[in-house]
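Derivation of every value follows stated rules applied to the coordinates shown; laboratory data play no part. Owing to the predicted nature of the structure, the values given are computational and were not obtained by experimental measurement. Glycine also receives a Cβ, built like all others from the backbone with ideal geometry; neighbour counts cover every protein chain displayed.
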Amino acid sequence: MRGLLILDVTNDSGRPLPSDWCETVGVPSLTRLRYDSPSADPFLELLLRTHAATLRHVELHRLDDVPAVLLARALQLRSLKCLPCEGLSKLVDLPGLAHIDLYCEGGSDDQEGAAFPPGTLAFLSGASHLRSVKLCLSAEDPDAPLRALSTSPSAQHLQELVALADNEDPPETFVTTLVTPFLPSFTSLRTLIVDDDLEQDFLLAVSPTVLPCLTTLKVDVLEDSCMHGTLHRPAVHDVLMRNPHLHLYIEKGFPEKVMCNDCPWCKWGCHELLAETKNSEVCYSSHSKSATCPKECFQAFSPSNPLHPSNN
Ligand SMILES: [Zn+2]
Ligand SMILES: [Zn+2]
Ligand SMILES: [Zn+2]
């Protein structure tokens, strides 16, 4: 294992991997570790102890708690993916930990829907170097992690926020309703991703005065409507016109094509450049495409002629 940079371990054996699974005296080299196991195996502890000086990216899957004492020594750590857990409070002072992904999947059954542990809330409210945060909002006390993050020294430096729902069938607009009141705390946001429908109050809260740096907004549309019709919803048109630098990504399961060729908008014949485009291939804006735009940037409306896009 000498000189190894990247390691991906999945333990489905039903038994903890022992520390003597490999050589016990190692030289630090690992920069990226993905470890998937239901328990903090002695082998995981050995890896963290051996490579504390070099580890930059760590993903821990299925673990109910992180080996916090060992991770706290990984001073190069830049990103961590783990379940919300008590041990995170011990990582609050890691100087370079900028990206935290508190994903939902794979936790034990009694964790699903449960409130965030106090240790995770302490981390979110105390960490000062966070730049991107992914949260799965749970059914119990769902706005607690957003409130904690909004009061942290990181809040005004946060560049990316991803908010998902930690339950199978959340109430409609569950995520956007929770996120909306906290947006004014995150003034440096460039990317905002919410796993929720285009809720009107949420879209109204997205403005250049509140979020002057926002260039990417990703949302879902839950109903089975034509995407072209969705684009013409007054609130969608409005958010694009008020935010001239915004790229709006609308995730949609089906149908795949942007246009249905059957609704009033499709029959009217506007936006005909989108006729053969798939939903996954395009994002919408109200500006002319420039060198800094993503390749999928499509000017849906233009300020000079807000209802009839200039590139149609
Ligand atoms: Zn249509
Ligand atoms: Zn149109
Ligand atoms: Zn663009």
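Neighbour counts of C-beta atoms inside 10 Å place Tyr249, Tyr35 in the sequence Tyr249, Tyr35, starting with the fewest.
Taking 0.36 nm per residue of separation and subtracting the Cα-Cα distance, full extension of the segment from Lys267 to His129 would add 44.6 nm.
Evaluated at q = 0.23, 0.30, 0.31, 0.32 Å⁻¹, the base-10 log of the normalised Debye intensity for the range 60-109, with identical point scatterers placed on the Cα atoms, takes the values -0.82, -1.27, -1.33, -1.38.
In µm²/s, what is D for the chain at 10 °C and 1.306 mPa s, where D = kT/(6 pi eta Rh) by Stokes-Einstein and Rh is the Kirkwood radius from Cα pairs? Here the translational diffusion coefficient equals 74 µm²/s. Other residues with beta-carbon under 12 Å from the beta-carbon of His228 carry, at +1 per Lys or Arg and -1 per Asp or Glu, a net charge of +2.
Please compute the length gained on full extension between Asp36 and Ala275, using 0.36 nm multiplied by the number of residues separating them and subtracting their Cα-Cα distance. Don't skip to the end; give the middle numbers.
Values: separation 239, 0.36 × 239 = 86.04 nm, distance 4.34 nm.
Roughly 81.7 nm would be gained on extension.
From least to most packed, judged by other beta carbons within 10 angstrom and beginning with the fewest, Cys136, Cys260 follow the order Cys260, Cys136. Tally the DSSP beta bridges in the chain and give the antiparallel ones as a percent, rounded to 5. Counting DSSP beta bridges with both partners in the chain, the antiparallel share is about 5 percent.
Treat every Asp and Glu Cβ in the chain as -1 and every Lys and Arg Cβ as +1, leave all other atoms uncharged, and give the resulting dipole magnitude about the Cα centre to the nearest 20 debye.
Working: 24 positive and 41 negative charges, 348 e Å.
Once rounded to the nearest 20, the dipole reads 1680 debye.
Rounded to the nearest whole angstrom, the semi-axes of the ellipsoid equivalent to the range 78-223, taken from the Cα gyration tensor as √(5λ), stand at 22, 20, 12, largest first.
Want the number for Glu59 to Ser288: 0.36 nm per residue separation, take away the alpha-carbon distance, what's left? Please list the in-between numbers first.
Working: separation 229, 0.36 × 229 = 82.44 nm, distance 3.92 nm.
That works out to 78.5 nm of additional length.
Projection of the Cα convex hull of the range 183-312, averaged over all directions and equal to a quarter of that hull's surface, yields 7.4 nm².
Which whole-number percent of Cα pairs in the range 155-213 have a distance greater than 16 Å? Can you show the working numbers first?
Details: 678 of 1711 pairs.
Cα-Cα pairs of the range 155-213 separated by over 16 Å account for 40 percent.
Summing charges over neighbours of Ala68, with a neighbour being any other residue whose Cβ is under 14 Å away from its Cβ, gives -2 when K and R count +1 and D and E count -1.
Let me check against my output: what whole-number percent is the relative contact order of the chain, with C-alpha pairs under 8 Å and at least 6 apart?
Numbers: 673 pairs, mean separation 26.2, N = 312.
For the chain, the relative contact order is 8 percent.
Report the residue, chosen from Asp20, Asp166, Asp201, that carries the largest GNM mean-square fluctuation when the chain is represented by alpha-carbon nodes joined by springs under 10 Å. Most flexible of the set in this elastic network: Asp20. Each of Glu45 and Leu204 was given a label point 7 Å from its Cα along the Cα-to-Cβ line. The distance between the two points is 5.5 nm.
Let me check I've understood the local charge: for Gln200, count other residues with C-beta under 14 angstrom from its C-beta, Lys and Arg +1, Asp and Glu -1. What total comes out?
Values: positive: Arg233, Arg242; negative: Glu172, Asp196, Asp197, Glu199, Asp201, Asp238.
Once positives and negatives cancel, what remains is -4.
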